[in-house]
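Trainee: Below is the structure I would like to discuss, written out as C-alpha cells.
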Amino acid sequence: MTVLDFFTSPIGLGHATRDVAIAKNLTKIRPRFITGGVAAQFLEKSGFEVIDVYRPPEFAVEYGTLKKSTRWLWNYYKYYKECKKISAKIIESDNPDVIISDEDFASLDIAQKIKIPTILITDILETRFTGGVTSFVEKKMNRSMMGMVKKCNTVIIPEIGEDSENIKRVGPIVRQTDTSRDKLRKRYSFDKDIVLVTVGGTNAGTFLIERILEAFSKIKCDADLVLVSGPSIRKKFDSHIRNMGTVNNLHEVIFASDVVVSLAGRSTIDETNSYGTPGIFIPIKGHFEQEDNAKREGFTFDDINRLDELIPEKLGEKRGPISCGGVNTASKIIRDIIKSNP
C-alpha cells in the first residue's frame, strides 16, 4: 500500500482547498495531511487524516496594507527551521513512498536529502516581500527554494502555460460540484441577487469587510449581502447582514452567488472564474502575490474605493464559466509518479 504524506502550507486556506480537490481525485490512494490551524480543521472536516502541527507567523495588515514585512520574513525563517524538525520526525516515522508539498519547502528539503520522490504544488517560484538592504535574506531563501524546485520529480503550477523541464502547468485546480446552481440557491435560501464577500482563513481581510459594509449602504440595488468572514473574525454584524462564518464548501456558495468580492488569493479567483461568477478582487497592498493575481483580473488595491461603483457593474454582467481541468491533470501526474516509484 502506498504511503503518501501531503504537506500543506497552513498560510491561508487556498492551499488546503485545492489539495482537497486533488486528494479526492486520487483513486485508491488516501494521503495523510500535515499542516496546521485553520487549514487542519478544514482538511479534517473534508474527511482526511490530519496532523495539526504547523503554526505559521501571521501577516501584519493595517487598513489593507502589509506592514513589517521584514519582521514577518524573519519570523517565517524561524518557522521554517521549526517545520524542518517537525517534518523530519514525521517522515522518519512514516517512511513515505512519495511526498507532496503544497508550498511547504521544509518537508521538501528533508525528503530530498534522503532521496524520497517529491512533488511540489506552487503558485510562485520566487517571493518579493522585501526590498532594499534587508532583501538579501529573501534572495538567499529564493536561491534555496529554486534548488529544491529543480530537484523535485515534478512541479505542478495551477496556471495555463507551457511546460518546461520538470515544471508542469496544468491550469486552475478547483473543487467540483454535481449540484445545480438552482438547487444550491434553494439550499442556502438565496432568493435575491447575492453579493458574496469572502476573506479566507485569516484576519487579514477584516479591512475588506469593513469597506464592503460601507459601500453596500450606498448602493441602490435589490441584492442581499452574504459574508464568509472566516474563523478568525469574530466581529458582530448588523442583523440584516448574513454571516456564514466558516464554510467547507465555499466553491458551491460562489457558484450560487451573483457577485464575489474577495481578497486576491489564487484559489478563490480560480473557483470564481471556474463557476462563471463575476468577481471583484482586492489585494492586500504590498503583498506581491495578491497584487499580481489582482492585476491579471484587472484590479488594484485602489479599487477598494470604488466598490459602490463596481458591485452594480458586476451584478449586470453575464455569467461566463471557464472550463478548468487542472485537478484531473494534476492527479494523473501524481498517480504516474507513484506508479513509477513503487
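Trainee: Here are some conditions: (1) open to solvent by less than 30 Å² (accessible area, probe 1.4 Å); (2) in contact (Cβ under 8 Å) with a residue 24 or more places away in the chain; (3) under 24 Å from Ser69 (Cα atoms). Ile99 meets all but one. Which one does it not meet?
Mentor: Ile99 satisfies all of (1) open to solvent by less than 30 Å² (accessible area, probe 1.4 Å); (2) in contact (Cβ under 8 Å) with a residue 24 or more places away in the chain; (3) under 24 Å from Ser69 (Cα atoms) except (3).
Trainee: Hey, can you tell me all the residues within region 104-118 that are under 16 Å from Ile334 (Cβ atoms) and either β-branched (Val, Ile, Thr) or surrounded by fewer than 23 Cβ atoms within 10 Å (Cβ to Cβ) (or both)? Write out each step before concluding.
Mentor: Of region 104-118, the ones under 16 Å from Ile334 (Cβ atoms) are 104, 107-108, 111, 116-118.
Hits for region 104-118 are Ile116, Pro117, Thr118.
Trainee: Please work out which residue is surrounded by the fewest Cβ atoms within 10 Å (Cβ to Cβ), limiting yourself to region 271-317 and to residues that are among the polar types (S, T, N, Q) and within 30 Å of Thr70 (Cα to Cα).
Mentor: Asn305
Trainee: Could you give me the residue pairs with C-beta distances under 6 Å whose first residue belongs to region 114-129 and is under 15 Å from Ser144 (Cβ atoms) and of a type in the set (Ser, Thr, Tyr), whose second residue is in a strand (DSSP E or B) and modelled with pLDDT under 90 wherever it lies, and which are 6+ apart or on separate chains?
Mentor: none
Trainee: Scan region 96-128 residue by residue and report those that are assigned to a loop (DSSP other than H, G, I, E, B) and of a type in the set (A, V, I, L, M, F, W, C).
Mentor: Ile114, Ile116, Ile124, Leu125
Trainee: Now for a separate question. State all residues of region 264-317 that are at positive phi and in contact with a strand residue (DSSP E or B) (Cβ under 7 Å, 6 or more places away or on another chain); if no residue qualifies, say none.
Mentor: Gly286
Trainee: For region 192-212, what are the residues that are open to solvent by 50 Å² or more (accessible area, probe 1.4 Å) and in contact (Cβ under 8 Å) with a residue 12 or more places away in the chain?
Mentor: Lys192, Asp193, Thr202, Asn203, Arg211
Trainee: If you check Asp270, Asp308, which single one turns out to be of a type in the set (Asp, Glu) and closer than 16 Å to Thr17 by Cβ? If you could, list the steps in order and put the result at the bottom.
Mentor: Values: Asp308 fails: closer than 16 Å to Thr17 by Cβ.
After ruling out the rest, the residue left standing is Asp270.
Trainee: Of (1) among the charged types (D, E, K, R); (2) out of contact with any helix residue (DSSP H, G or I) (no Cβ under 9 Å at 6 or more places or on another chain); (3) more than 18 Å from Ala204 (Cβ to Cβ), Asp292 satisfies all except one. Which?
Mentor: Failed condition: (3).
Trainee: Looking for something more than 21 Å from Phe216 (Cβ to Cβ), without any contact (Cβ under 8 Å) to a residue 40 or more places away in the chain, part of a helix (DSSP H, G or I) and small (Gly, Ala, Ser) - is there at least one such residue anywhere in region 332-340? Show your work before the answer.
Mentor: Within region 332-340, the first condition is being more than 21 Å from Phe216 (Cβ to Cβ), and the residues that meet it are 332-340.
Subset that is without any contact (Cβ under 8 Å) to a residue 40 or more places away in the chain: 332, 336, 339-340.
Still in the running and part of a helix (DSSP H, G or I): 332, 336, 339-340.
From what is left, the residues that are small (Gly, Ala, Ser) are 340.
Yes, region 332-340 has at least one match.
Trainee: Additional query: List pairs: first residue in region 37-52 and more than 12 Å from Phe6 (Cβ to Cβ), second residue polar (S, T, N, Q) anywhere in the structure, Cβ distance under 6 angstrom, at least six positions apart or on different chains.
Mentor: From region 37-52, the pairs are Lys45/Asn248.
Trainee: Now for a separate question. Quick check on my filter: what residues within region 155-176 are out of contact with any strand residue (DSSP E or B) (no Cβ under 8 Å at 6 or more places or on another chain), part of a loop (DSSP other than H, G, I, E, B) and open to solvent by 30 Å² or more (accessible area, probe 1.4 Å)?
Mentor: Listed by number, the residues that qualify are Glu165, Gln176.
Trainee: Just checking, which of Ser69, Ser93 is under 24 Å from the mean Cα position of the chain (by Cα) and small (Gly, Ala, Ser)?
Mentor: Going through Ser69, Ser93 in turn, just one is under 24 Å from the mean Cα position of the chain (by Cα) and small (Gly, Ala, Ser): Ser69.
Trainee: When residues of region 119-154 are filtered for being in contact with a Leu (Cβ under 6 Å, 6 or more places away or on another chain) and surrounded by fewer than 15 Cβ atoms within 10 Å (Cβ to Cβ), how many remain?
Mentor: 0
Trainee: OK, next. Consider region 301-331. How many of its residues are outside any helix (DSSP H, G or I) and not β-branched (Val, Ile, Thr)?
Mentor: So the count comes out to 9.
The values are calculated or read from the model by the stated rules, or taken from the named source; none is laboratory data. Note that the coordinates shown come from a computational prediction; the quantities given were computed from them, not determined experimentally. Note that we place each Cβ from the backbone using ideal geometry, even for glycine, and neighbour counts take in every protein chain shown. Protein only, heavy atoms only, side chains kept; ligands, DNA and RNA dropped before computing areas. Shrake-Rupley method; radii C 1.70, N 1.55, O 1.52, S 1.80 Å.
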